[in-house]
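In what follows, a single structure is set out as structure tokens and then discussed.
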Amino acid sequence: MSLRSAVAAPFKGRGEDELAESEFVVALSLDRDWFSPEQATRLADIAVGEGLLERTDEALVPTFDPADTTIPEGFVPDEELLRRRSAFEQVLDALVADGIDKREAVAEINELQQTLAVTIEAAAVLYARRRDIDVSEAADRALAELGD
């Protein structure tokens, strides 16, 4: 997942378990030249919203082990990462990352949606949970979006 790779890069590059937000921004904008400082800040906001980072009083802390994330040679994240993904897209990314074929997942999620007469997000969360894939962040977000 490229969002995870982009978030992991500053931590792997500096060998740290947490970084001040300014260090995170510098690592993505000046050190790697992937984003402008404003875009790097936006990426941090998105990563916090998607549960990949937590903000503490002093730092950004990944909720995953960056050392376990592979950053492919020549990797450059797409600016598309700066767009907040829907709960459905988050679940689909988690399914694909777990080795499930994307087309197969979409077809089965669509079938669940029609059979149960629920939203696509609810069907996707159910599909993932039936496969023991933790998508609690996306589930919480989908639930919150129902109230909006």
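The values are calculated or read from the model by the stated rules, or taken from the named source; none is laboratory data. Because the structure is a prediction, the values reported are computed rather than measured. Neighbour counts run over all protein chains shown; Cβ positions are idealised from the backbone, glycine included. Side chains included, ligands, DNA and RNA excluded: accessible areas come from the protein's heavy atoms. Shrake-Rupley method; radii C 1.70, N 1.55, O 1.52, S 1.80 Å.
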- Is there any pair with a first residue in the stretch 91-104 that is touching a residue at least 12 places away in the same chain (Cβ under 8 Å) and a second that is crowded, with 19+ Cβ neighbours inside 10 Å and in a loop (DSSP other than H, G, I, E, B) whose Cβ atoms are under 8 Å apart and which are 6 or more apart or on different chains, and what are they? Val91/Val135; Ala94/Val135
- Subset tally (residues that are assigned to a loop (DSSP other than H, G, I, E, B) and either under 16 Å from Phe35 (Cα atoms) or of a type in the set (Lys, Arg) (or both)) for the stretch 74-86: 8
- Task: Would you check if Pro77 is within 15 Å of Leu3 (Cα to Cα), open to solvent by less than 30 Å² (accessible area, probe 1.4 Å), of a type outside the set (S, T, N, Q) and touching a residue at least 60 places away in the same chain (Cβ under 8 Å)?
- Result: yes
- Filter the stretch 46-73 for residues that are in a helix (DSSP H, G or I) and closer than 15 Å to Pro10 by Cβ; the one that is most open to solvent (accessible area, probe 1.4 Å) is Ala67
- Query: Assuming Ser2 fulfils every condition listed in (1) without any contact (Cβ under 8 Å) to a residue 60 or more places away in the chain; (2) closer than 30 Å to Tyr127 by Cα; (3) of a type in the set (Gly, Ala, Ser) apart from one, which condition is it?
  - Reply: (1)
- Output yes when any residue across the stretch 117-140 is farther than 30 Å from Ala27 by Cβ, open to solvent by 60 Å² or more (accessible area, probe 1.4 Å) and of a type in the set (Val, Ile, Thr), and no when none is. no
- For the stretch 32-44, state whether one or more residues are part of a helix (DSSP H, G or I) and among the aromatic types (Phe, Trp, Tyr). no
- Task: Kindly provide the set of residues from the stretch 36-54 that are out of contact with any strand residue (DSSP E or B) (no Cβ under 8 Å at 6 or more places or on another chain), among the charged types (D, E, K, R) and at pLDDT 90 or above, ordered by number.
- Result: Glu38, Arg42
